[in-house]
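The values are calculated or read from the model by the stated rules, or taken from the named source; none is laboratory data. Since we're looking at a predicted model, the values are computed, not measured. Virtual Cβ from ideal backbone geometry, glycine too; neighbours counted across all protein chains shown.
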Amino acid sequence: MTDTPIDWRLDALCADSNPDLWFPEPGQWGKPQQFALDQCKACPVREICLENLIQQETGEGGSHGTGGGLTAKERAEMIRVRSREAESEDSTPLHPDVAGG
């Protein structure tokens with residue numbers, strides 16, 4: 001993925017919203033956070049947001065808040081799956097025709 005300009009954030013539905021909706025305290029999930037999740041899912045820049053969050057959170061040791069239409073837990077799972085897939089691709093032996101065998 002190429003670098004994405006920060007300007008996309010201006011088009012985000014959350015741009016002028018209370019950040020507390022997107023970053024609830026642990027164990028404080030409720031209607032406000034569901035509103036945030038619904039807003040994310042309808043956002044015109046959701047995919048860019050999601051990819052940026054995943055890039056930021058990969059290797060950082062944790063996801064937090066709602067963003068890109070997913071909860072932190074959902075993004076963490078997506079990162080784990082992508083990591084396993086990348087490891088699997090790296091360890092897949094080449095087909096004998098490709099390996100020169």
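May I ask you to list the residues in the range 43-64 that are among the small types (Gly, Ala, Ser) and either closer than 15 Å to residue 10 by Cα or surrounded by 18 or more Cβ atoms within 10 Å (Cβ to Cβ) (or both)?
63
Residues that are at pLDDT below 80 and aliphatic (A, V, I, L, M): list the helices (runs of 4 or more DSSP H) wholly contained in the chain that include at least 3 such residues. Explain how you work it out, then say what you get.
On the way: elements: 31-42, 46-57, 72-91, 96-99.
Fully inside the chain and qualifying: nothing.
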